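What follows is a short report on a single structure.
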Amino acid sequence: MLARTAERVYWLGRFLERTENTARLILVRHHAILDLPREVQPSWDLLLHVLGAEQGFAALRGVANEKNIISYVFGERENPSSIISSLTAARENMRTTREIMPSETWERINSLYLSVARRSQKDLPRGVRHAVLNSIVQSCQQITGMLAGTMNQDAAYQFIRLGRNLERADMSTRIIDAASAGLMGKAEDVSPYRNVLWISVLQSLSAYQMYRLNVQRNVSPEDVLEFLFQSTVFPRSIGHCLQELKHSMHLLPDHKPALKVMERVQARLAATDCNGLSGDALHEFIDELQVELEAVHDAIVSTWIAQGERR
């Protein structure tokens, strides 16, 4: 398989997953408006911080209010982490590899792109925000399902899975980080809403029902974090994503260097005591985990795509 093709389908997997999870990230903040009183809600700037987009926003948008931040994260083409930019990149990578893709997936991603492109020129007010973002999430899941159900499970598909699961792990940590920021206020202010917020975290990752099925007790921060970080059976948990990455690596040639990095991250995550993660400690752990995930990306690139090349 050509390294150029491997790179394109790897980034197709990443950008498609990034599109879905950026929509989920906005929904986390949107749900906080509905579930929490104004005095304990995190500021809208949090979205920019989680996506590393503060400088780009300041240069293009100015005032950091709800309307401007939503527009920047949803529809700003100059923002490389926006939904429209991620979807544009996913569509282009699929277009240039159409010969190995099921035709139905190209039609679906093109339809999603056109829908989001039309919407990106408008505001995203609260009244329509949930419906629009949820539609994007569902469309991305449809495309992922179509690839799984109709594409040859060969090397190209394994690179899509590598990209998807690595991006999912990274974005899940960002969603947890964004939601947990609501617990950074005074203890007496946030304590009454603690369970509401953690239920919102689970719902934002479509994890609430599976959490209740597996944990079978009342929601608690420690149990939620253990489930979302270390579960090996829930598809959006970091532990499961790492497990899937390892499986895909095993199916590719010359996998030992990348697998060594992967297993190191798995071992560290499995050894983490989630009971000690709260406040600044949780934020620091997520930062460190994201660095580890970046090391996995570097290992994938250097092993199969191009030595030292970054995109």
Calculated diffusion of the chain, Stokes-Einstein form, Kirkwood radius summed over Cα pairs, 25 °C and 0.890 mPa s, µm²/s: 123
Positive-end residue of THR105, GLN141, SER81, charge dipole of the range 79-156 with Cβ unit charges: SER81
Hits among aspartates and glutamates - C-alpha to C-alpha of LYS260 under 20 Å, sequence gap 8 or more where chains match: GLU167, ASP170, GLU244, GLU288, GLU292, GLU294, ASP298, GLU309
Gyration tensor verdict on the range 19-126 (Cα atoms; rounded if a/c is under 1.5, prolate if a/b is larger than b/c, oblate otherwise): prolate
Partner aspartates and glutamates for LYS122 [C-alpha distance under 19 Å; skip if fewer than 8 residues away on the same chain]: GLU66, GLU76, GLU78
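Every number here is computed from the coordinates shown, using simple stated rules; none is lab data. Since the model is a prediction, treat every value here as computed from it, not as a measurement. In this analysis, Cβ positions are derived from the backbone assuming ideal geometry, glycine residues included, and neighbour counts consider all displayed protein chains.
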